1. If I filter the stretch A:330-348 down to residues being surrounded by fewer than 24 Cβ atoms within 10 Å (Cβ to Cβ) and facing chain B (nearest Cβ under 8 Å), which single residue comes out as farthest from B:Tyr150 (Cα to Cα)?
2. Taking the stretch B:256-280, which residues are away from chain C (no Cβ under 11 Å) and buried (at least 17 other Cβ atoms within 10 Å of the Cβ)?
3. Over 17 Å from the mean Cα position of the chain (by Cα) and not β-branched (Val, Ile, Thr): does that describe C:Ala179?
4. Looking at the structure I just gave you, is C:Ile88 over 17 Å from C:Glu191 (Cα atoms) and either among the aliphatic types (A, V, I, L, M) or facing chain B (nearest Cβ under 9 Å) (or both)?
5. Restricting attention to the stretch A:110-118, does a residue exist that is within 30 Å of B:Ala323 (Cβ to Cβ) and among the hydrophobic types (A, V, I, L, M, F, W, C)?
6. Select the helices (runs of 4 or more DSSP H) contained entirely in the stretch A:1-73, then report the ones holding at least 2 residues which are of a type in the set (A, V, I, L, M, F, W, C) and over 30 Å from A:Val118 (Cβ atoms).
Amino acid sequence: MNPVYRFGSWLIDKYAGLREKISPGWLEKNRSKLVETKLSVYVFTASRIGLTGLALVVITLFLAIFGPFIAWEPYDVYPILNKPELAGKLPHPPCFGDCEGLPMFGTDQYGRDVLSLVVRGFRIALVMSIIIVVTSSLIGIVIGLVSGYFGGLVDEILMRFTDMMLAFPGLILAIAFSLTLRLSLRDFLMANPTATSIVASLFALNPKDAPNLANLLSVFLALILVWWPPYARVVRGSVLSVKEQGFIEAAKALGLSTWKILTRHIFPNIMSPLLVMVTFDFATATLSSAALSFLGLGPQPPVPDLGLIISQAGQYFPERSWWIVIEAGTALLLISLGWNLVGDALRDVFDPKTRRSIELKAKIEVRK
Amino acid sequence: MGLGSYLLRRLLTFLPSVIGALLITYLIAYVIPTDPVRAWVGEKLMDPSTLDKLKKEYKFDAPWYEQFAFLVEKLLSGTLIDPVRGTPVVQQVAQRFPITVELAIFGMLFTVAIGIPLGIVAAAKKDSVIDFFVRIFALFGSSIPAFVLYYFLILAFYVYVRASLLAGVPFYSLSCAARLDSIRDTVPVLGYVVWAVGQVPIFGAPMCGEFSVVSDTVVRMWLPGLALGLLSGGFIARIVRNSLLDALTSESILFAKARGLTNQRIWRHALKNAFAPIVTILGLDFAGLLTGAIIAETVFNIPGMGLYMYQGITRLNFPIIIAGTFLFSIIYIVMNLIVDLIYALIDPRVRY
Amino acid sequence: MSSTLPKNQVLAVRDLSVRFYTYAGVVHAVSQAYLDVFEGETVALVGETGCGKSVFTKAITGLIDPPGRIETGQALFRKRDGTIVDLIKLSPEEIREIRGNEIAYIFQDPSSSLDPLYTAGDHIAETILEHRPITKDEAYQEAVQLLRDVLIPNPEVRVKNYPHELSGGMRQRVVIATAISNKPRLLIADEPTTNLDVTVQAQILDLLRGLKEKYKMSLLLITHNLGVVAETADRVYVMYGGRIAETADVNTIFEAPMHPYTQLLLRAVPNPLKRIERLESIPGTVPNLIDMKPGCPFAPRCPFAMEICRREDPPRIDLGNGHVVHCWLHAKR
C-alpha cells in the first residue's frame, strides 16, 4: 500500500470521525459511500501518472500562493533605469559563475531577474485559471441543471443560446470580447478603488496600476463568457440521462422538493464527469489566458504575466532571449501538465472498465 | 430520403448560425464598448469634425436597428474599410485567407501523419510501451503552450540547423493568377471551383506548371506544419486508439470472427466503424487549426489571416477585428457543417 | 480419447477445460466439459448466467482470446467431406475456414451482432464470398434467396437495408441468414431468443426448426429458458459452475432428473396447469469460479450436500440410455 493512499485514507477516516461526532449514526449510513471513496482514492494513487500530476499540482499551487513572498526581486522596478550602463548587455543570458552581480538565471530586457519574475508569474496564471474555471463552470452547471430539469420552453431557449455560443471558435470570440471589454473595465476600475485593491491583492500586483488590472480582468471575463457553454451542455446531458433512468420520477412521486432532488439525486450523479472536466479545464484555461496575454490582450509590462514575458522575449529571440522562453515556458508547462496528468488519472478512476481491473486487485486491501 | 434530405435539413440550421454570428459581431462592435467611437477610432486624438463624420458614417448615434443593418450590410458586401490603409478589409482578407488555409493544410497533414499511425499501433499493441508513450505524448501536446513549442522548433530548425525559411510565402506568378481568373470566368461552376482551389498557392502553382513554388512552399511551411502536428498529434492518436479498441471489442467484430472472416476483413470492419468519430474530431481539429493560426502565424511570420488579426489587435484596429471575428466564425460554422455531412456519408444511421 | 467418430456423429467434445488468468486470480470457466452432437438433432445446453455455457462453445470454435486459455480438451468434428479434425488442435487459419462455413454461430443480441455500417446483403454476401469462390453478383442473389428462406418479406428491398432500418425480429433473421449462408453442418445458437418479444421468439424457434430440416443441420442451442428446451431439444446438457452436471434426452430430463440442480431448476419453472402455492427459487448465488478448489460446485446450494461433496469432485455416473449424472448421491460405494 503506498503512502499517498495511506494519507488519503487517514484523511477520510478523520473526516468520518468528525461527522460521526457531530451526528452519531452518520458513519453507518454512509459506510458504503466511504468505502467507495476510499476505493477511488486507491485507484487514483495506483497510477503513476496521477501521482506525478498531483505532485506537480501541489508544487505549482505552493508557488502560486507563496510565490510573491518568495520572489526576491520586485517586479515593478526596472534595473536598467538605475544602471544605464547595462543597456548593451541586456537581456543577459544565464551565467553560473561571476557575473558582476547579475542574476544566475538571466535577465529580461529591463534587467530584471527572470526566475524571480517567473516565480511571481505562477500566482497570476493560477488565480486566472481557477477563477475562470470555477465561475464558468458554476454558470454552466446552473444553466445546464435548469435546462435539463425543467425541460420544455426553458430548455429550448437556453439550449439555442448555448448552441449559438458553441458554434463559434472560442479563442477568436475571447479576443474580441477582451478588446471590447477592456475600455469599459478600465473606466470601472478607475471609478472604484476598492474593487481595484481587491483585484490587486488577488494577483499580488500594484493596486495603482489600474489599466493593467483592467486588462487582466478583461482577459478572464472574456474567457469566462466563452467557457461556460460546454459545461451547460454536459450537465444538461447528464441530467437528461438521469431523468431517463427514472430516479427523478420516483423522487417526485415520493414528494421530494425540487431542491432536494437537484442536490441529493442529480448532482452526485453528474459529479464524476464534471470533476474530470474541471481538472482538464484548469490546464486549458492556464494556456488560453497565457495565449491571450501573448497576443497582447493581457496586462503589459511590468506585470509578470508568463504569456507576456514570452511575447516580450520574442523580440530578441533566439540568441538573446532563449532562457526567458525556457523558464517561463517550463512554468506554464508544469502547471498545465500537472492538471492534465491528474485529470487523465481521474478519468481512469471513473471509467468503469479500468477501475474494475484495479478494483479486483484492491479487493483484499480496502474492504476494511 | 437519406443523404439529400439530411443535407437540406442541416443547411436549414446554417442560416440561423450565420445570423447568430452577425448578432455576436454586432454585440462586440456596438454594444459592449462603453464608448464605441473611442474603440473604433483607437486611442488617437481626433479633431471634432472628423469625429462627427465618423459618428455619422458608422451610425454610432443611431438607434440599434440602424446600427445592426449597417453592420450587416458592411460585412456581407465586404465594404468595411480599414482606417489605416483606407481600403476595404475584404481585399486583405482575400489575399491572406488562402495562405492561412495552406498553413492549416500542412498542419492537418502532419497531425494525420503522426496521429493516425501512432493510434493504430497503440490499439494493436494495447498496454505496451508504445501505448504508454502515446498517452504521454498526448498529455505533453496538450500541456505545452503552443507559442513556446513554436519558438523551440524555430531555435532547432532555423537557428541551429538551417532547414527552413522564415520570411514571406511563395506565390505563383501574376500570369498564373490571370489564367486562373480566366478559367473562373469562362467555365461555369467547375471553373469557379477550380479557381477557388487554385487560390491556395500550393494548389494553384502546379495548375500553371510553376513547380518551384511548390518546393519553396514546402520548405517554408513544413516547420509550422510539424509544430501544429506535434501539438494535436498525440490527442488524435489517443482518440484513434480508443475508437479502434472500442470497435475491435464490439459484438459485431465477434460475429465477424464467428463467421470466419479473415483478419484483414475484420480490421476493415473495425476501422470503418472507428473512423466515423475520428473524422469528426479531425474536422473540428481543422477548424481549431484555423483559429490557432493567429498565434502560429505571428511566431512563424506567415502573412495570413492570423497575422492580420494579430496586427489588428496590437494596433487596436477595430474594423479588422470585427471583420476577422465574423470571418473566423463563419469558417467555423461552415467547417462544422462539412464535418456533419461527411459523418452522414459514412454512418447511415445519422441521416434520420 | 479416441480419434474416430461414428458415422452419424457431428461433434464429440471431451475433457475440455478453459481457464482465464486475470488480476483477481485464475477463473476456472469450464472444467472437464464434454458434449456430443449427432446429425440432425437439436442439443440444448442449459444453465444459469455465468455457468460457462458460452465460454464452452466459444472454446470449441476457437473464439477464446487471452487472458483465456484452453488447458485441455479434444473436440472431434466431422467435416462435410467426411474427414475428422480436432478443432482444439487446428491452426488459427484452419479453424477460421471452418467458422461460418461448417460451424456457424449466432449470438444473443442481433442488434449488436450486425455492423451498423453494412447492409443486410453485405453481411450475407461477405460471409459467402469468404468461403466460396463465386462472383459478387451470385453472392448477392443468394443473399436475397436466403432472406426469403428466413421468411423476411420483400427480400429484394431488405437486402439493401441497414440494420437500423430493420426491426429486432428481422435483424435476428438476417443474423440467421448470414450464419446458414454456407449451409453449415452445425449451428450454435447462443440465447437466440432472449432479447426478443415472446411472439417473435416462437417464430424464430419455428424458423430454426424448419431450417434445420431443410439444410440437414444439427443445432446446438444455448439457453437458460426451459420452455424453449422442452419445445425444441432432443437432448439436454445441464451445466453448473463450469461443469456438466447432467445429460439425458429431453423427456428423461423433464420426467426423471437425477441431479439436485436439475431438479430445483425444473421446480423453479411454474407449470401453468398445476396449482402452485409458492414459487420456488434456488437459494444462494452463482458460484465463485476464481481459484476453485476440488469439490462439487453446487455443494453450497445443494439441499442434499454431503461432506464428500465439498471435498472431492463428483464422479461420472452412467445411468444408461445416454443419461449421465455427476453427483455423489448416485455413486455406489
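The values are calculated or read from the model by the stated rules, or taken from the named source; none is laboratory data. Keep in mind that what you see is a predicted model, and the values were worked out from it rather than measured. In this analysis, Cβ positions are derived from the backbone assuming ideal geometry, glycine residues included, and neighbour counts consider all displayed protein chains.
1. A:Asp344
2. Scanning the stretch B:256-280 gives B:Trp267, B:Pro277, B:Ile278, B:Thr280.
3. Values: over 17 Å from the mean Cα position of the chain (by Cα): no; not β-branched (Val, Ile, Thr): yes.
No, not satisfied.
4. Values: over 17 Å from C:Glu191 (Cα atoms): yes; either among the aliphatic types (A, V, I, L, M) or facing chain B (nearest Cβ under 9 Å) (or both): yes.
Considered against the rule, which asks whether it is over 17 Å from C:Glu191 (Cα atoms) and either among the aliphatic types (A, V, I, L, M) or facing chain B (nearest Cβ under 9 Å) (or both), C:Ile88 comes out as yes.
5. Initially, the stretch A:110-118 is screened for residues within 30 Å of B:Ala323 (Cβ to Cβ), giving none.
Scanning the stretch A:110-118, I find no residue that is within 30 Å of B:Ala323 (Cβ to Cβ) and among the hydrophobic types (A, V, I, L, M, F, W, C), so the answer is no.
6. Numbers: elements: A:3-22, A:26-29, A:31-45, A:48-70.
Hits in the stretch A:1-73: A:3-22, A:26-29, A:31-45.
So that you can scan it fast, the table gives a plain yes or no per residue for (1) within 14 Å of chain B (Cβ to nearest Cβ); (2) at pLDDT 85 or above; (3) not in a helix (DSSP H, G or I):
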| site | (1), (2), (3) |
| --- | --- |
| A:Asn212 | no, no, no |
| A:Asn215 | yes, no, no |
| A:Val219 | yes, yes, no |
| A:Val226 | yes, yes, no |
| A:Tyr231 | no, yes, no |
| A:Lys252 | no, no, no |
| A:Leu256 | no, no, yes |
| A:Asp281 | yes, yes, no |
| A:Gly298 | yes, no, yes |
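Residue-wise test of (1) within 30 Å of A:Arg120 (Cβ to Cβ); (2) of a type outside the set (A, V, I, L, M, F, W, C); (3) modelled with pLDDT of 80 or more.
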{"site": "A:Leu166", "(1), (2), (3)": "no, no, yes"}
{"site": "A:Arg182", "(1), (2), (3)": "yes, yes, no"}
{"site": "A:Leu205", "(1), (2), (3)": "yes, no, no"}
{"site": "A:Gly237", "(1), (2), (3)": "no, yes, yes"}
